[in-house]
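Working notes, beginning with the structure itself.
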Amino acid sequence: MNNNTENEPIKVSFVTLGCAKNLVDSEKMLGLLGGAGFMLTGPDTPCDVTIINTCGFIEEARDEAMENIEEVLERKRQGQTKIVIVTGCLAQLWQGELLEKQPEIDAVLGLDRRDKIVGIVNELLSDSGLANNLQVTKGEFRDVANDQGRLRITESCWGYLRISEGCDQKCTFCTIPFIRGNFRSKPMDAVIEEAKELANDGVVELNLIGQETSGYGQDLNDGYGLAELLVELNKIEKLKWIRVLYVHPATLSDKIIEAMAKLEKVVPYIDIPLQHISDNILKLMNRKLTKSQTIELLEKIRKQIPDVTLRTTMLVGFPGETDDDFAQLLEFVKECRFDALSAFMYSFEKETASAKLPGHIDEETQIKRYDAIMTTQQEIAFELADELTDKTIDCMITSALFDDEADELGLDPDYRWVTGRHQGQGPEVDSVCYITVDPDLELTSGDILPIKIIGRLDYDLVGEIA
């Protein structure tokens, strides 16, 4: 039996790495553990169990995960934690290889073990213990897990809602199908029930996530897709903003664009990872659309949703990317003027089809191309931010800003500051607004107020109540 007495609850610490989908998995496990009576503690607090929810998408993410695992194992050696559990995408991808690299890990859990976390922790703390509780179902996932009953760790006014899992697009560089399986949609009634639960828990901004949200419903055979789902979510009274993340250009239909344009709670914001624009590279990536089709799609979006914020992701240094291919990409970024853009350097993943392609690009060239595209985008982002000066836009208040935080940012600490976001700023990935408000004004997280923009701090905006 474990050493804890009845008056000493078992303490569990959590480390979450990676994307929003991982965060939802962590929140679900935290909800299960909290509901079972475990005491949830901070990462630096002595505890009985430490759970690391890892990302394994690219080499950089795997390196970060291994660094975190080593740090937690060192805490175990020092007696700061007793049990170390590794779960998430890296656990799914590497399986037993993780135990070979770090045999001090007490359990490696595949993604399908998420909802059994309470029983696994209890078993690990018992006399019998548990070694290598893999039991993964790699590539054979079935229903999308029920995410209700989460203990949310985001700001109280917003949350993520997973509507699908896995992907069938088969991009040649991507490991998602090997980790998360084939594409599956969460049934619409389950999505609506979870959205209502989140709204009743104080969420006024709902952020829809999945590996490919625009493909929602393609496997349900009931005729309903993302457009119909948005219509139903728009009816939930307590919600104010609905944001769609991670759409795929090949499945972003006219019907979805029309729904986003007409539904008042769906914010004019589209996160559409394009990856590249050269026809040569798009074909090698198996991205389904050509350069001309991509440009036509973006023009259609901007025509039907005039105030739309466009966020995208680009991948540089893909095998076979010539100087001309990259020049096309750079020119496209200059002309399109995305509101926000992230870029990644190609990561060699042995499981993927791109690993077998000729013409792999050396690291030095990849870095130069990455720096060029991000420098170009920075100039665009700063120009777009400057254009907002003296304009009044609605912002959602998300949290208070402490005096030392304001001072560190260069904001006058004699004023009261809060943090917020306008509709074109997605949580965690985009810039924010720092807003000065009257000390006597009563504010609640989730309040939406007209804010006059008076300047910027790099990417972030500075404003005051209009």
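The values are calculated or read from the model by the stated rules, or taken from the named source; none is laboratory data. These numbers were taken from a predicted model, which means no experiment stands behind them. As a convention, Cβ positions derive from the backbone with ideal geometry for all residues, glycine included, and neighbour counts pool all protein chains shown.
Structure summary
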read-out	value
Condition broken by Asn280, with the remaining ones in (1) surrounded by fewer than 16 Cβ atoms within 10 Å (Cβ to Cβ); (2) out of contact with any Cys (no Cβ under 7 Å at 6 or more places or on another chain); (3) within 17 Å of Thr172 (Cβ to Cβ) satisfied	(1)
Scope region 306-331; condition crowded, with 20+ Cβ neighbours inside 10 Å and within 26 Å of the chain's Cα centre (by Cα); matching residues	Val308, Thr309, Leu310, Arg311, Thr312, Met314, Leu315, Val316, Gly317, Phe318, Leu329
Residue in region 350-399 that is surrounded by the most Cβ atoms within 10 Å (Cβ to Cβ), counting only those that are outside any helix (DSSP H, G or I), charged (D, E, K, R) and out of contact with any Phe, Trp or Tyr (no Cβ under 7 Å at 6 or more places or on another chain)	Asp394
Cross-chain or 6+ apart pairs with Cβ under 8 Å, region 242-259 first and assigned by TED's automatic domain parsing to the domain that holds Glu232, then among the small types (Gly, Ala, Ser) and assigned to a loop (DSSP other than H, G, I, E, B)	Arg243/Gly426; Leu245/Gly426; Tyr246/Gly210; Ser253/Gly225; Lys255/Gly225; Ile256/Gly225
Selection count, region 400-409, where residues are hydrophobic (A, V, I, L, M, F, W, C) and either assigned by TED's automatic domain parsing to the domain that holds Ala340 or assigned to a helix (DSSP H, G or I) (or both)	2
All positions within region 318-345 that are part of a loop (DSSP other than H, G, I, E, B) and touching a His at 6+ places or on another chain (Cβ under 9 Å)	Phe318, Pro319, Gly320, Glu321
Matching entry among Val429, Val418 (being crowded, with 17+ Cβ neighbours inside 10 Å and either touching a Lys or Arg at 6+ places or on another chain (Cβ under 6 Å) or among the β-branched types (Val, Ile, Thr) (or both))	Val418
All positions within region 144-181 that are in contact with a strand residue (DSSP E or B) (Cβ under 8 Å, 6 or more places away or on another chain) and closer than 24 Å to Lys283 by Cβ	Gly166, Cys171, Phe173
Matching residues, region 131-180, being at pLDDT below 85 and among the small types (Gly, Ala, Ser)	Ala131, Gly139, Ala145
Selection count, region 409-466, where residues are more than 23 Å from Leu23 (Cα to Cα) and either in contact with a Gly (Cβ under 6 Å, 6 or more places away or on another chain) or not small (Gly, Ala, Ser) (or both)	38
Qualifying residue in region 425-433 (condition: hydrophobic (A, V, I, L, M, F, W, C) and in contact with a helix residue (DSSP H, G or I) (Cβ under 7 Å, 6 or more places away or on another chain))	no
Meets criteria (modelled with pLDDT of 90 or more and touching a helix residue (DSSP H, G or I) at 6+ places or on another chain (Cβ under 8 Å)) for Thr54	yes
Test: residue in region 282-292 that is in contact (Cβ under 8 Å) with a residue 24 or more places away in the chain and among the hydroxyl-bearing types (Ser, Thr, Tyr)	no
Breaking point among (1) part of a strand (DSSP E or B); (2) over 22 Å from Gly202 (Cβ atoms), for Asp414	(1)
Candidate set from region 63-104 (those that are in a helix (DSSP H, G or I) and among the basic types (Lys, Arg)); member that is farthest from the chain's Cα centre (by Cα)	Arg77
